[in-house]
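Okay, so here's the structure we're looking at.
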Amino acid sequence: MSSQDNWNNPDMYYQQPQSNADGGHGAQSYGTNTGYGSNATYGSNAYAANAQYAGGPGYVYQPLPPTNVLAIVGMCASIFGVISSFFIGGIAGIIMGHIARKQIRERGERGDGMAVAALWVGYIGTALWILFWAFMALLYLGMFAVIFAGASAS
């Protein structure tokens, strides 16, 4: 069978042999070419190849583990801390990122990338905002020192 015969069959890689003894879904012709021009409907053979996964015996899908909520909240807090000048949000994101990474390791949840992103964004954003506000404070202190030095000289 050449690859051209199954060019329009999207389920050619998912076809598994079935038996009717276990209450299967009937005789199915897996080799038929149901392309775009045919009268294929949703119940036809082109879509019936995946019907065995809907609840047939022997096929059990394990659901994905949940995403850690603290990782999501920590990432949002870190981003908020960078965007606004409220750098406490970045510090909260750092704390939540560390707690989320610990929970992810213990519970086997997803979201480690978001927790790491919360840490990076939180650390960098908090450092930049602290440097910015320290520079602004030194700038104003320098201005006041110049003004007071000029006022006392005259």
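Would it be correct to say that residue 125 is surrounded by 12 or more Cβ atoms within 10 Å (Cβ to Cβ), small (Gly, Ala, Ser), on the phi < 0 side of the Ramachandran plot and over 21 Å from the mean Cα position of the chain (by Cα)? Criteria met by residue 125. Residues in the range 103-154 that are charged (D, E, K, R) and under 13 Å from residue 74 (Cβ atoms): 112 only. Here residue 111 meets each of (1) surrounded by 13 or more Cβ atoms within 10 Å (Cβ to Cβ); (2) at negative phi; (3) small (Gly, Ala, Ser) with one exception, condition (2). Cβ-Cβ distances below 8 Å connect the following pairs, each with a first residue in the range 108-128 that is of a type in the set (D, E, K, R), a second residue that is part of a helix (DSSP H, G or I), and a separation of six or more residues or different chains: 109/103; 110/104; 112/71; 112/101; 112/104.
Each value in this text was obtained by applying a stated rule to the coordinates, not by laboratory testing. Every value quoted in this text rests on a predicted model; they were computed, and no experiment measured them. Reconstructed Cβ throughout: ideal geometry from the backbone, glycine too, with neighbour counts over all protein chains shown.
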